[in-house]
Amino acid sequence: MDIQKIVEKRKSKFLEDMSFNELKEYIETLEKAIFNISSVKQSLELVDELQKLIK
């Protein structure tokens, strides 16, 4: 399930009304998004460190 589908589902249906599988899929998607954000943050920190070393 991608983020856009989650947003659409959230607009049309409250979380309390989601089935267990839908909630599980929602949580898994959020976990993936958090992991991706963390990876980007780490990459940016590495780039920053490399720029400091180059200067």
Residue pairs within 8 Å by beta carbon, gap of at least six or interchain, first lying in segment 18-32 and closer than 15 Å to VAL7 by Cβ, second aromatic (Phe, Trp, Tyr) and in a helix (DSSP H, G or I), listed first then second, are MET18/TYR26
Of the residues in segment 7-25 that are outside any helix (DSSP H, G or I) and surrounded by 11 or more Cβ atoms within 10 Å (Cβ to Cβ), the one that is modelled with the lowest pLDDT is LYS13
For segment 37-55, pairs from a residue that is farther than 24 Å from ILE3 by Cβ and of a type in the set (Lys, Arg) to a residue that is surrounded by 10 or more Cβ atoms within 10 Å (Cβ to Cβ) and at pLDDT below 95, with Cβ under 8 Å and 6 or more apart or across chains, are none
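The values are calculated or read from the model by the stated rules, or taken from the named source; none is laboratory data. Just so you know, these numbers come straight off a predicted model, no measurement behind them. Virtual Cβ from ideal backbone geometry, glycine too; neighbours counted across all protein chains shown.
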